[in-house]
1. Condition (residue is within 14 Å of chain A (Cβ to nearest Cβ), out of contact with any strand residue (DSSP E or B) (no Cβ under 6 Å at 6 or more places or on another chain) and within 19 Å of A:MET1 (Cα to Cα)) applied to segment B:17-33: is it met by at least one residue?
2. Of all residues in segment A:102-127, which are surrounded by 14 or more Cβ atoms within 10 Å (Cβ to Cβ), of a type in the set (Ser, Thr, Tyr) and not in a strand (DSSP E or B)?
3. Taking the criterion of being in contact with a helix residue (DSSP H, G or I) (Cβ under 9 Å, 6 or more places away or on another chain), closer than 22 Å to A:THR116 by Cα and hydrophobic (A, V, I, L, M, F, W, C), would at least one residue in segment A:48-61 satisfy it?
4. Go through segment A:129-148 and give me each residue that's surrounded by fewer than 16 Cβ atoms within 10 Å (Cβ to Cβ), more than 14 Å from chain B (Cβ to nearest Cβ) and not charged (D, E, K, R).
5. Tally time: how many residues in segment B:78-97 are small (Gly, Ala, Ser) and either open to solvent by less than 60 Å² (accessible area, probe 1.4 Å) or more than 9 Å from every other protein chain (Cβ to nearest Cβ) (or both)?
Amino acid sequence: MTNPVDDSSTYSLTMTPSAITIPNSYFAVTRADTTNMKYTTYTFTYRVFTSFPANGIITLVLPTSMIVSSAANATYTLSSNTTNQTVSITNATNSTSNSIMLTFTTGTLPANTIFTIVVSNILNYYSYKPINIQLITSSSDGFAIEQSNAGAFSLINDISDATITASDSNTNTMNGNSIAYSFAIRTPSVLYSTDMVSI
Amino acid sequence: MQTNNPLGVGAAVVITLPTNVTISGGSCNISASLSSTSSLSSGIACNANGQTINITNISSTILAANTTITLNISGITNPAITKATNTFSYQTYYGTG
């Protein structure tokens, strides 16, 4: 066809795709110790849903308070290569999340390749409130490809026991009397301004 | 798209996709609508070749300027990464040639 009547040359028509959300079963997290406020080793298992790019990046998004020790290191195996390998780890924290960025040196990996990533020295959350962990994969230049549903995977700590003692401060324990009780609580970890104590 | 100029019977549109947006070659599935609904041709056709999609025989009557043409083409594959694409472009043609 020749001699167009109109064209789009006066417009800039572009499109930015969204990242693919992987099925919930494609991402899982376990850890060695489930006690709150303990540094422990986390194992992240991720199954590639579409493909993983050459020299791609995996970002793990944790709550802000789950900090990563400067002594942390990361290793991984692939279902296609079970030799344990180290992976570069960087960590960035902001007011809403703590991101662990792992930069791999691999070729392009096909769907269903399984990453088993072990990261040491991550601080468990401070309470037994369920927390969410999200995984995002990106190209080497930082554009997202796949991501887990932000609320799909959660962990709950086994909080350490608090010790509590109670005593009445009145020698008259006769039934029906109104007396004062004193409660002494030793918490297993730091208390935050939004925490509550239930007796 | 909204036309700046009138189009004739059998008007055509050629769409060029950015390099990282793809479609299988050959005929493609299309549904269309026009702001002047009675002018839509029942014989509209879609054919893809590389990054180019040719939509032909859109109108059964002359289309006035400022007609809105809506084309829904299935089977286009998005890029693998969430980087903005290069530019999509299109041209309209008065008739079939």
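The values are calculated or read from the model by the stated rules, or taken from the named source; none is laboratory data. Every value quoted in this text rests on a predicted model; they were computed, and no experiment measured them. Quick reminder, even Gly has a Cβ in these numbers, built from the backbone with ideal geometry, and neighbours come from all protein chains shown. All accessible areas refer to the heavy atoms of the entire protein, side chains included, with ligands and DNA or RNA removed. Shrake-Rupley method; radii C 1.70, N 1.55, O 1.52, S 1.80 Å.
1. There is at least one residue in segment B:17-33 that is within 14 Å of chain A (Cβ to nearest Cβ), out of contact with any strand residue (DSSP E or B) (no Cβ under 6 Å at 6 or more places or on another chain) and within 19 Å of A:MET1 (Cα to Cα).
2. A:THR106, A:THR113, A:TYR125, A:TYR126, A:SER127 - these are the residues of segment A:102-127 that are surrounded by 14 or more Cβ atoms within 10 Å (Cβ to Cβ), of a type in the set (Ser, Thr, Tyr) and not in a strand (DSSP E or B).
3. Within segment A:48-61, one or more residues are in contact with a helix residue (DSSP H, G or I) (Cβ under 9 Å, 6 or more places away or on another chain), closer than 22 Å to A:THR116 by Cα and hydrophobic (A, V, I, L, M, F, W, C).
4. Within segment A:129-148, just A:PRO130 meets the criteria.
5. 3
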